[in-house]
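Remarks on the structure that follows.
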């Protein structure tokens with residue numbers, strides 16, 4: 001039994017596993033049943049200094065560089081398409097607003113990816129930058145959609161149809177921008193998800209930005 005005890009102590013020292021003695025005696029002999037308790041730190045990826053990945057800014061630089069590259073490419077393509085068809089877009093009552101909405105969505109990953117790669121930036125500064133960026137984008141989007149509502153007053157769609165269309169175009173943008181603000185707030189509090197909130201923000205911006213770009217080009221007058 002001493003040999004078994006020595007093996008258990010060696011395993012505990014090597015792997016930092018806690019062994020609980022659940023039945024100390026059985027038939028006059030000591031039998032050790034190992035109830036393995038895996039420390040929570042094993043499934044929480046950490047960066048040096050004990051900070052989890054969600055709040056370690058240095059772990060997100062590759063992700064930020066990737067979304068900056070993708071965002072810049074898509075934004076540039078849509079911007080060129082809008083510029084080429086600018087005259088036809090301006091001649092339509094609702095397409096200029098749709099163009100602004102699309103460019104605003106595709107600009108979100110570009111701006112959100114630039115902030116984490118700024119050198120020698122503290123976690124607190126990045127958190128406030130994301131919060132301010134999210135709030136500013138929400139205000140920008142609400143102003144654009146207010147203008148869109150005014151432009152669609154003379155459209156043939158009924159009021160319910162215009163309302164449903166406004167909600168369907170407004171919700172993705174607000175979801176993406178609010179995720180940025182939540183990422184900053186949880187990064188500041190170091191609780192609640194941190195920079196993982198950038199993932200849904202970027203995905204929503206890419207997906208609905210491309211959908212808006214396709215709808216914008218389809219609705220162009222011939």
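The values are calculated or read from the model by the stated rules, or taken from the named source; none is laboratory data. Treat the numbers as computed from the prediction; the structure is a model and nothing was measured. For neighbour counting, all protein chains shown are included, and Cβ atoms are generated from backbone atoms with ideal geometry for every residue, glycine included.
Might you let me know whether segment 110-118 holds any residue that is modelled with pLDDT of 90 or more and either outside any helix (DSSP H, G or I) or outside the structural domain of residue 194 (by TED's automatic domain parsing) (or both)?
Initially, segment 110-118 is screened for residues modelled with pLDDT of 90 or more, giving 110-118.
Going one step further and asking which of them are either outside any helix (DSSP H, G or I) or outside the structural domain of residue 194 (by TED's automatic domain parsing) (or both), we end up with 118.
Yes, some residue in segment 110-118 is modelled with pLDDT of 90 or more and either outside any helix (DSSP H, G or I) or outside the structural domain of residue 194 (by TED's automatic domain parsing) (or both).
So which of 183, 205, 215 is in a helix (DSSP H, G or I), surrounded by fewer than 22 Cβ atoms within 10 Å (Cβ to Cβ) and either within 15 Å of the chain's Cα centre (by Cα) or in contact (Cβ under 8 Å) with a residue 12 or more places away in the chain (or both)? Please lay out each step first, then the result.
Values: 183 fails: surrounded by fewer than 22 Cβ atoms within 10 Å (Cβ to Cβ); 205 fails: surrounded by fewer than 22 Cβ atoms within 10 Å (Cβ to Cβ).
None of the other options fit; the residue is 215.
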